[in-house]
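To start, the structure itself, in structure tokens.
The values are calculated or read from the model by the stated rules, or taken from the named source; none is laboratory data. Worth saying up front: this structure is predicted, and the values here are computed from it rather than measured. Neighbour counts are summed over all protein chains in view; Cβ atoms, including those assigned to glycine, are modelled from backbone coordinates with ideal geometry.
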Amino acid sequence: MTSDPTRVSTGTQDDTLEACTSRIPKDATDGQRMIATTSCERDANARTSIDAVPGK
């Protein structure tokens with residue numbers, strides 16, 4: 001894990017699905033990749049729902 005201040009944490013408001021999935025390590029197992037991808041998709045769907053709220 002890195003403490004580089006330019007890295008975006010998973011689930012942050014400005015994170016995109018593409019940015020989230022790009023952080024999945026290339027050497028991740030199939031199971032790890034599946035869980036990480038599902039988490040990224042869940043977070044992206046949550047952000048979409050929040051963005052749809054008027055007056056945000």
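Structural remarks
- Near pairs, Cβ below 6 angstrom, 6+ apart or cross-chain, from the range 31-56 (within 12 Å of D15 (Cα to Cα) and surrounded by 10 or more Cβ atoms within 10 Å (Cβ to Cβ)) to any residue that is at pLDDT below 85 and not hydroxyl-bearing (S, T, Y): D43/G11
- Test: residue in the range 29-52 that is part of a loop (DSSP other than H, G, I, E, B) and at pLDDT 95 or above: yes
- When the range 13-28 is filtered for residues that are in a loop (DSSP other than H, G, I, E, B) and hydroxyl-bearing (S, T, Y), only T16 remains.
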